[in-house]
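The values are calculated or read from the model by the stated rules, or taken from the named source; none is laboratory data. Note that this is a predicted model, so its numbers are computed, not measured. Heads up, the Cβs are rebuilt from the backbone with ideal geometry, glycines too, and the neighbour counts pull from every protein chain shown.
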Amino acid sequence: MAGLALAWLFARLKSPSAGLGQDFSLAIYSLFAWVALSAAGVWAASRVERQTGRKDPQEVVVDEVSGQWLALLASPGMLLGAPGWKYFLAGLILFRVFDISKPFPAGRAESLPGGWGIMADDWVAGAYTAACLWLAYGLGF
């Protein structure tokens with residue numbers, strides 16, 4: 001839900017009368033914020049994994065936040081205009097499906113060392129979600 005909240009917050013920062021330059025700047029700021037969160041997530045997840053001695057500890061949730069936010073950041077709703085509730089709902093459902101099912105290469109990404117493996121499988125799920133949202137957009141949904 002935190003990934004949805006971050007995407008919604010950045011989407012609401014867009015002005016309906018914003019020109020392309022303002023939208024592009026906001027997209028760049030959103031991307032930098034996502035990269036910062038993701039980098040902090042890799043670091044934090046690595047530490048928790050080392051301290052607990054468990055691979056992909058359940059108490060680490062920054063990976064889901066980062067993956068969900070990526071899914072919506074790269075969606076047509078976010079890149080082409082202010083996304084409606086349908087994009088958020090579809091993005092949430094699709095992300096959870098891909099995060100749980102771990103389609104190729106998400107399973108392989110999970111085997112990366114430390115926090116990279118914890119985060120990367122969710123980035124793959126986010127990329128698959130964004131691709132599906134683009135497909136839905138292209139089909140007129």
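Do the conditions hold for Phe104, that is, is it part of a helix (DSSP H, G or I) and either acidic (Asp, Glu) or free of Cβ contacts under 8 Å to residues at least 40 places away in the same chain (or both)? When the stated conditions are applied, Phe104 does not pass them.
Looking only at the stretch 123-137, residues that are surrounded by 24 or more Cβ atoms within 10 Å (Cβ to Cβ) and at pLDDT below 95 come to 1 in all. Going through (1) touching a Leu at 6+ places or on another chain (Cβ under 8 Å); (2) of a type outside the set (Phe, Trp, Tyr); (3) at pLDDT below 80 one by one, Arg12 falls short only on (1).
Residues that are assigned to a helix (DSSP H, G or I), modelled with pLDDT of 90 or more and under 14 Å from the mean Cα position of the chain (by Cα) within the stretch 43-88 comprise Val62, Asp63, Glu64, Val65, Ser66, Gly67, Gln68, Trp69, Leu70, Ala71, listed in sequence order.
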